[in-house]
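Reading through the structure tokens given below for one structure.
The values are calculated or read from the model by the stated rules, or taken from the named source; none is laboratory data. Remember, it's a predicted structure, so these values are computed and weren't measured experimentally. Here the Cβ positions follow ideal geometry from the backbone for every residue, glycine too, while neighbour counts run over all protein chains shown.
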């Protein structure tokens, strides 16, 4: 059994990302972001789902920005260029991509 809250609590890095499983070939990633902006990128084979557990994550695309707060999720469709950014600390689960 994996306790992802325990994994997250141990990270103080600006960016921490650890794959905790791959059900049906889809990576499930525990991620911690501290005052960081990820580079723009595109996933060519799968959608990417962000589930925010704490903090706020901004997902930027060419056309808009989505604000995802704790307890919310957002899916970026395959082929859409995007980036995640955080002011402060956010803990999240990322699936796919």
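Just a few scattered comments:
- Unique residue being within 17 Å of residue 18 (Cβ to Cβ) and modelled with pLDDT of 95 or more when the list is 81, 48: 48
- When residue 26 is tested against the conditions (1) at pLDDT 95 or above; (2) over 11 Å from the mean Cα position of the chain (by Cα); (3) within 29 Å of residue 1 (Cα to Cα), the lone failure is (1).
- Within region 65-97, tally of residues that are loosely packed, with under 14 Cβ neighbours inside 10 Å and at positive phi: 3
- Given (1) in contact with a helix residue (DSSP H, G or I) (Cβ under 9 Å, 6 or more places away or on another chain); (2) free of Cβ contacts under 8 Å to residues at least 24 places away in the same chain, number of the condition residue 31 does not satisfy: (2)
- Verdict on residue 1 being under 13 Å from residue 86 (Cβ atoms) and either surrounded by 16 or more Cβ atoms within 10 Å (Cβ to Cβ) or out of contact with any strand residue (DSSP E or B) (no Cβ under 7 Å at 6 or more places or on another chain) (or both): no
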